[in-house]
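Right, I'll just put the structure down here and ask away after.
The values are calculated or read from the model by the stated rules, or taken from the named source; none is laboratory data. Keep in mind the model is a prediction, meaning the values are calculated, not measured. Positions of Cβ are backbone-derived with ideal geometry, glycine not excepted, and every protein chain shown enters the neighbour counts. In case anyone asks, the SASA skips ligands and DNA or RNA and just uses the protein heavy atoms, side chains included. Shrake-Rupley method; radii C 1.70, N 1.55, O 1.52, S 1.80 Å.
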Amino acid sequence: MGDVVGDVVLQRASDVLVWQVPAGWWALSSAAVGGGLLRPRWVLNAGVDEGFVRTDLEAWAGQTAAAHGLLGPGCALLTAADVSQVAHVEHEGVQVWATVGVTKPTWALAPTGTASRPPSPGTVNVVVSVPVPLSPSALVQALGTLTEAKAQVLVQAGVPGTGTASDAAVVLCPPTCPPGEPVPFAGVRSPWGQRIAAAVHAAVAAGLAAHPWPAPGVDPEARW
């Protein structure tokens, strides 16, 4: 099943979300596979269970992409959240999808003695599609705006942390087409930054409402 949103097509499967990205589009991502600045043809967000222990993520991503018929470069995200319940928000042209699993939140500065512990199941993954070209610096600003908006939701909801140890994000935008110029700013007080912040805040809030913290049976004190 495919959801067409602007020029980005989202395909849903039982355990994975795949966004088909138009040729030439830019992405800036914190993904473990396909992170950094690149021109992806796809983004995938795959659900994994607590028993997932693979560390060869490049190989895993290649196998997963091949299983879904994906070609070319892409970004691969992993989450323990239920990807079938992805939250989607559109705000003034900005599209945001969020899968939210906050089982063990953590602060950016980990408490003493916990920094070496492996990430726990959970993860808040966010994919943003902006309909206008962004300059390289604006892409970085957009990723920062996204992260601040996500953290704001968690703090406002009383979650003791700014995210989980394995959160990842992707910002997508079209290429610059002459004679136009790319948007130079996407920080929190810029017009496009405010659109991104509003959409991310709403999507993460919706995801958190569907999967509140603490989850049933989770000790809220058993955290980093």
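Using a 10 angstrom cutoff on alpha carbons, build the Gaussian network for the chain and name the most mobile of Gly163, Gly62, Gly34.
Evaluated over the chain, the most mobile residue of the options is Gly62.
So how far apart, in nm, are the two label points at Val132 and Glu58 if each is 7 Å from Cα heading toward Cβ?
It works out to 3.7 nm between the two label points.
On to the next question. How high is the relative contact order of the chain, given as a whole-number percent (alpha carbon pairs under 8 Å, six or more residues apart)?
That works out to 22 percent.
Next question, about the same structure. What value, in deg cm²/dmol to 500, does the helix sum -39500 (n - 2.57) over DSSP H runs of n ≥ 4 give at 222 nm once divided by the residues of the chain?
Helices in the chain give a 222 nm mean residue ellipticity of -8000 deg cm²/dmol.
Between Ala13 and Arg39, 0.36 nm times their residue separation minus their Cα-Cα distance comes to what?
Net length gain for the segment: 7.0 nm.
Using only alpha carbon pairs under 8 Å that are at least six residues apart, calculate the relative contact order of segment 1-78 and give it in whole percent.
Relative contact order of segment 1-78: 29 percent.
If you don't mind, there's one more thing I want to ask. With the full set of protein chains in place, find how many percent of the accessible area of the chain is carbon and sulfur; take the probe as 1.4 Å.
About 59 percent, which is the carbon plus sulfur part of the accessible surface.
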